[in-house]
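FYI, it's all coordinate maths here, none of it is from the lab. Just so you know, these numbers come straight off a predicted model, no measurement behind them.
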Amino acid sequence: MKAFLLISILLLSFLVGCSFTISGDDGDGDGDGDGDGDGDGEIDKSGRLVFASDRDGDKEIFVMNADGGNVIQLTFNQFADQAASFNSDGSLIIFQSERDGDWDIYVMDADGGNVVQLTNSDTIDHVPAFSPDDNRIVYLSGTEDAATWEIWVMNADGSNPTQLTFNGCDEYGPCWSPDGTKIAFTSGLTGTASIYTMNADGSGITRLTTYNSRYPDWRPDGIKIVYDAWDGSDWEIWVMNADGSDQTRITDNNEWDEQPAWSPEGDRLALYCNGDGDREVCIMNSDGSAKTQLTENDCLDWDPDWNPVE
């Protein structure tokens, strides 16, 4: 992910017309499985989320409760801050920022204090994520002229940056498996944005999907991967086994549902959606039921991620 608008353009460049067979959906368009079309149902609203928003005029990082309450702004500057996620104990937030003139990776305390810059190069470094043991960080790096992103890893203090992929195409959305042995990611390696996995050292690249799909996230038990996919008119949420089998669509609501993230318990998903005309943060049960919008404003709210311990 680069700057928000640029990465949207890059992602859309992958799109081709396609159709899907909907599995496990009731066809009423609300994704809740009960057939009545109203998106009702019960959902646990405990927990805490970090997300990005441009509600103060530029892209900043916020946290809020999973019921939409207690919203707190963590970053305050005239530059873009986004793509935030927690470390394993919820004490740190890693994110990308262009406060030094281009995209670099930073880490801060969960309350927004003690900001430390981890990368400082002439490349664009973005979309970071801590490994499960917090010792390593996976991220994307590349140059704006090349307009391609490769996957890198570095130590948690920013040292020893190491390139993992050399595919010469866009890769994005890397995430660690819960045991830290694999990385799931999206790649345009075949010309269609698809989901792949590889070993944590970059070996053993395996394609899991064959249609326009992106932003994989491993369930905390490592058994399932959630992701979004293009159905020809909008993005919808799918779930599959970690080996790519049993690919099942769980939303079908004629709006864009994007970038899902598992809750710590694996029973809910956070995502962003555009049901009210702009991007808002939502949560829903892991089967697609009880989708609930948490933010409601005329600004963009996106990139939600769960605090793993709250």
Relative contact order as a percentage, segment 159-275, C-alpha pairs under 8 Å and 6+ apart, gives 16 percent
Which of (1) 18.7, 58; (2) 21.1, 70; (3) 17.9, 54 is the computed Rg and Dmax of the Cα atoms in Å? It is (3)
Those aspartates and glutamates that a straight Cα-Cα span of less than 12 Å connects to Lys59, excepting residues fewer than 8 apart in one chain: Asp81, Glu98, Asp301, Asp303
By a straight-distance test (C-alpha under 15 Å), which aspartates and glutamates pair with Lys182 as possible cross-link partners, with residues fewer than eight away in the same chain excluded? Asp133, Asp134, Asp201, Asp217, Asp221, Asp243
Relative contact order (%) - criterion: Cα under 8 Å, at least six apart; region: segment 49-306: 12 percent
Let me have the 222 nm mean residue ellipticity of the chain computed from DSSP H runs of 4+ only, each contributing -39500 (n - 2.57), with the sum over all residues rounded to the nearest 500. -1000 deg cm²/dmol
Each residue of segment 41-58 in turn: what ³J(HN,Hα) in whole Hz from Karplus with 6.51, -1.76, 1.60 and θ = phi - 60°, glycine and Pro shown as x? x, 9, 8, 6, 10, 7, x, 9, 10, 10, 7, 9, 8, 9, 5, 9, x, 9
So what's the gap between the Cα centers of segment 82-113 and segment 187-260, to the nearest angstrom? 25 Å
